[in-house]
Amino acid sequence: MKDRTLLMIPGPVEVEPAVLAAHAAPPTSHLEPRFIEAFSRALVGLRGLFGAADGQPFVLAGTGTLAMDSAAANLVEPGDAVMVVNTGYFGDRFGAIFERYGAQVGHVRAAVGDRPEAAGLRAALSTATGPVKLVAITHVDTSTGVLTDVPGLARVAREHGALVVVDGVCSIGGEALHMNDDGVDLALTASQKAVGLPPGLALLMAGPRAMEAFRARRTPAGSFYSDWANWLPIMEAYEAHRPAYFGTPAVNLVWALDASLALILRERMTVRWARHQRLAKACRAGLAALGLGQVPVRAEIAANTMSAPRLPAGVSAQDLLPRVADAGATLAGGLHASARSEYFRIGHMGACGLGEVLATLGALETGLAACGYAFERGAGVKAAAAAGG
Ligand SMILES: *Cc1c(COP(=O)(O)O)cnc(C)c1O
């Protein structure tokens with residue numbers, strides 16, 4: 001479309017027309033039979049998205065941070081020990097949230113752009129002073145573009161009797177994650193990333209061990225809004241085709257979720273993950289051909305939903321990104337506190353195909369040329385087309 005720039009940031013993302021149409025319809029009552037059916041379908045569909053046949057879904061009006069907050073409020077009690085596998089900004093945030101609910105939080109860290117492996121987590125859990133109740137893993141830290149090894153980390157966490165909680169806000173729907181197969185007890189995301197909706201929904205899937213830990217609480221959840229004791233009867237009712245009320249559901253977003261899950265499950269999760277892998281490969285082949293490095297220190301640990309390219313010497317994000325936007329693609333600046341000015345970020349998740357990646361690299365080339373960076377024009381687009389075809 002001629003007056004539109006592509007939204008290629010790590011959320012919000014481009015949205016499929018069918019999802020936009022569902023979102024744009026006049027609001028319905030949350031008690032209307034058609035809405036109850038859509039909500040019920042969406043709750044069932046979420047089990048397919050998360051790979052959790054035995055999971056309990058929660059759909060809350062809010063952002064990904066609310067999903068993190070809800071996980072912490074319901075799973076930890078004051079004094080519980082939590083270990084965060086930290087690959088950047090959102091690991092720090094998760095740690096701060098757990099602390100707010102009274103947990104004793106430890107972090108397993110790596111250098112910026114690297115990741116802790118299962119052995120590092122094992123060492124941290126083995127030397128902890130007491131039992132660790134919960135291990136939190138950021139699947140893709142959006143501040144670094146680093147992808148963690150969820151199955152490997154989860155195995156170690158469960159060996160130590162800990163619950164496995166995955167922040168999948170920048171991954172679920174784009175990166176391979178199957179809660180049942182991977183040994184994950186709770187995973188969470190938000191509507192505006194690889195699930196492909198506008199922002200506004202927090203989505204959680206709690207497996208049996210997470211629900212058991214919730215039911216075994218000695219104290220009520222530390223947040224009234226997030227308390228699963230309030231939301232569980234609502235989710236169970238809607239799934240069973242009955243209306244219920246605790247807080248007004250974001251009806252338009254639930255309609256959009258129903259529409260997006262229909263598209264996602266029709267594509268099939270394994271096909272969708274493979275598409276994101278192809279797009280990431282194409283994007284990074286293009287960036288490499290332009291001479292740009294990556295924040296992730298090895299190709300094997302780079303995310304498939306986004307890329308975090310390093311800026312060339314002499315080019316700042318403040319100079320580059322407006323020029324790229326003028327040329328047709330909105331990209332994001334850096335986020336990690338200790339490297340913020342050194343890189344920028346490209347989202348390639350959700351309603352995204354090779355065409356969007358090629359258009360983005362074309363816009364990036366225009367921006368880089370306008371900044372005076374010397375490179376062979378067209379090399380990025382050409383390499384990406386070759387790698388992604
Ligand atoms: C975006 C993001 C969040 C926060 O989501 P909001 O919707 O902005 O609150 C948390 N974790 C990760 C990994 C994210 O990418």
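The values are calculated or read from the model by the stated rules, or taken from the named source; none is laboratory data. Quantities reported herein were computed from a predicted structural model and do not represent experimental measurements. As a convention, Cβ positions derive from the backbone with ideal geometry for all residues, glycine included, and neighbour counts pool all protein chains shown. Surface areas here come from the heavy atoms of the whole protein model, side chains and all, with no ligands, DNA or RNA. Shrake-Rupley method; radii C 1.70, N 1.55, O 1.52, S 1.80 Å.
Here are the numbers for this structure:
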| read-out | value |
| --- | --- |
| Mean ellipticity per residue at 222 nm, deg cm²/dmol - from DSSP H runs of n ≥ 4 across the chain, formula -39500 (n - 2.57) | -13500 deg cm²/dmol |
| Translational diffusion coefficient (Stokes-Einstein; Kirkwood radius from C-alpha pairs) of region 1-159 at 25 °C, 0.890 mPa s, in µm²/s | 134 µm²/s |
| Cα Rg, Dmax, region 1-50, angstrom units | 14.7, 41 |
| Computed magnitude of the charge dipole of region 250-389 (debye, nearest 20; Cβ of K, R +1, Cβ of D, E -1) | 360 debye |
| Contour minus Cα-Cα distance for residue 377 and residue 181 (0.36 nm per residue) | 66.1 nm |
| Per-selection metrics, region 109-263 (Cα): Rg and Dmax in Å | 17.1, 50 |
| For region 1-94, convex hull volume per residue from C-alpha positions, Å³ | 177 Å³ |
| Euclidean distance between Cα centres, region 314-329 to region 1-71, Å | 31 Å |
| Calculated P(r) of region 301-389 - Cα pairs past 23 Å, % | 19 percent |
| Inter-label distance, nm, simple model (7 Å from Cα along the C-beta direction), residue 225/residue 338 | 3.3 nm |
| Between helix 379-388 and the chain: long-axis angle, C-alpha atoms, 0 to 90°, nearest 10 | 50 degrees |
| Sulfur and carbon atoms: percent of accessible area, region 1-144 [1.4 Å] | 59 percent |
| With Cα atoms, 0 to 90° folded angle of helix 64-75 axis to the chain main axis | 30 degrees |
| Acute angle (nearest 10 degrees) that the helix 150-159 long axis makes with the longest principal axis of the chain, alpha-carbon atoms | 30 degrees |
| Options 348, 293, 232, ranked by Cα towards positive dipole end of the chain, top entry (Cβ charges) | 293 |
| Relative contact order (%) - criterion: Cα under 8 Å, at least six apart; region: region 295-353 | 40 percent |
| Residues of type lysines that residue 281 reaches as a straight line, Cα spacing below 21 Å, ignoring anything fewer than 8 places off in the same chain | 193, 382 |
| Full-extension gain in nm, residue 299 to residue 248, via 0.36 nm per residue minus C-alpha separation | 14.0 nm |
| Computed label-point distance, nm, for sites residue 2 and residue 209 using a 7 Å Cα→Cβ extension | 5.8 nm |
| The chain - Kirkwood radius from inverse mean 1/r over Cα pairs (Å) | 21.3 Å |
| Per residue, in Å², the accessible surface of the chain once ligands and nucleic acids are set aside, probe 1.4 Å | 38 Å² |
| Accessible-area composition of region 249-305, carbon plus sulfur, in percent [1.4 Å probe] | 59 percent |
| Percentage, to the nearest whole number, of Cα pairs in region 46-117 over 19 Å apart | 46 percent |
| Size of region 236-389 as Cα extents on the principal axes (Å, biggest first) | 62, 33, 30 |
| Inter-centroid distance (Cα atoms) of region 202-247 relative to region 338-357, Å | 34 Å |
| Förster radius 51 Å - calculated FRET efficiency between residue 159 and residue 20, Cβ distance, rounded to 0.05 | 0.70 |
| Cα centre as origin, Lys/Arg/Asp/Glu Cβ charges: the chain dipole, Debye | 420 debye |
| Gained length - residue 385 relative to residue 31, 0.36 nm times residue gap less alpha-carbon distance | 122.6 nm |
| Mean shadow area of region 158-242, taken as a quarter of the surface of its Cα convex hull (nm²) | 7.0 nm² |
